[in-house]
Structures are given as C-alpha cells and as structure tokens.
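K.L.:
Got a structure here, written out as structure tokens. Questions coming.
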Amino acid sequence: MKYVNATAKLPASLLTEIQKYVQGETIYIPKQEQNQKKWGSDSGARKRLDERNAKIKSQFQTGSTIDQIAADYYLSVETIKKIIYKK
C-alpha cells in the first residue's frame, strides 16, 4: 500500500475537519463497497481456484475417494471435504 500525503489529495477544509479527530497518524480509508474487487479477480487466481474446485467436485461425484483426490491435488483431506461439501 502506498501512502499519500493528505495535503496533496484533500481540500484544505476537509483536511481541517479530519484534523479535529486525527493528527499525525496513519489512517486507512477503505474503498466504497461497490468499488471493491473480490480476492484474485485481477490476477486470475480466483478463476483458477474455482476451476480446480469444480474438477475436485466432479471427481468426487464420479466415484473418486476423498483420499485419492487429496493425493492428486496435494491437499489435506479436510480441505477436500470443505470444497466438496461447501454449499
């Protein structure tokens, strides 16, 4: 995360108002909810995990055991169970 000096971004009147509550401290201002992106959406990681999880569910539905799937994907049995039984 890159820090930005508030004097470079905020109008003086707003900065004065914020200084009534916080001075010389670092604060985090979150994005508005409609502007937030889901984890991995930019890098494609979310899509790859969703595809992997769909394959895992498919393998289970076609008869593979949880132990076999865990070994195939190098994941724990508990992780495979979470993927398979997630609603």
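K.L.:
Which listed residue (Val77, Ala45, Ile66) has the Cα farthest towards the positive end of the charge dipole for region 1-84, taking +1 on Lys and Arg C-beta and -1 on Asp and Glu C-beta about the Cα centre?
P.N.:
Projecting each Cα onto the dipole axis, the largest value belongs to Ala45.
K.L.:
Taking Cα atoms, how many degrees apart are the long axis of helix 45-61 and the longest axis of the chain, rounded to 10 and kept between 0 and 90?
P.N.:
20 degrees
K.L.:
Give me the log10 of I(q) over I(0) for the chain at q = 0.18, 0.22, 0.24 Å⁻¹, as the Debye formula computes it from C-alpha points; what are the numbers?
P.N.:
-0.85, -1.08, -1.16
K.L.:
How would you rank 6-17, 44-55, 74-85, highest first, on the average number of other Cβ atoms within 10 Å across their residues?
P.N.:
74-85, 44-55, 6-17
K.L.:
Output needed: percent of Cα pairs per 10 Å distance bin for region 31-79, bins running from 0 to the one holding the longest distance.
P.N.:
It works out to 23, 39, 23, 13, 3, in whole percents.
K.L.:
Additional query: With contacts defined as alpha carbon pairs under 8 Å and 6 or more residues apart, what's the relative contact order of the chain in percent?
P.N.:
Once normalised by length, the contact order is 17 percent.
K.L.:
Of Lys47/Lys82; Lys37/Lys57; Lys55/Lys82; Lys2/Lys38, which sit over 22 Å apart, Cα to Cα?
P.N.:
Exceeds cut-off: Lys37/Lys57.
K.L.:
Separate question: Nearest 500 deg cm²/dmol is fine: what mean residue ellipticity at 222 nm does the chain get from its DSSP H runs of n ≥ 4 alone, each adding -39,500 (n - 2.57), divided by its residue count?
P.N.:
The per-residue figure over the chain is -15000 deg cm²/dmol.
K.L.:
Give the cross-link partners of Lys87 among the aspartates and glutamates, using a straight C-alpha distance below 14 Å as the criterion and excluding same-chain residues fewer than 8 apart.
P.N.:
Hits, sequence-local ones excluded: Asp50.
K.L.:
For the chain, which whole percent of the accessible surface, found with a 1.4 angstrom probe, sits on carbon and sulfur atoms?
P.N.:
52 percent
The values are calculated or read from the model by the stated rules, or taken from the named source; none is laboratory data. Every value quoted in this text rests on a predicted model; they were computed, and no experiment measured them. Note that each Cβ is placed from the backbone with ideal geometry, even for glycine, and that neighbours are counted across all protein chains shown. These area figures cover heavy atoms from the full protein model, side chains too; ligands, DNA and RNA do not enter into them. Shrake-Rupley method; radii C 1.70, N 1.55, O 1.52, S 1.80 Å.
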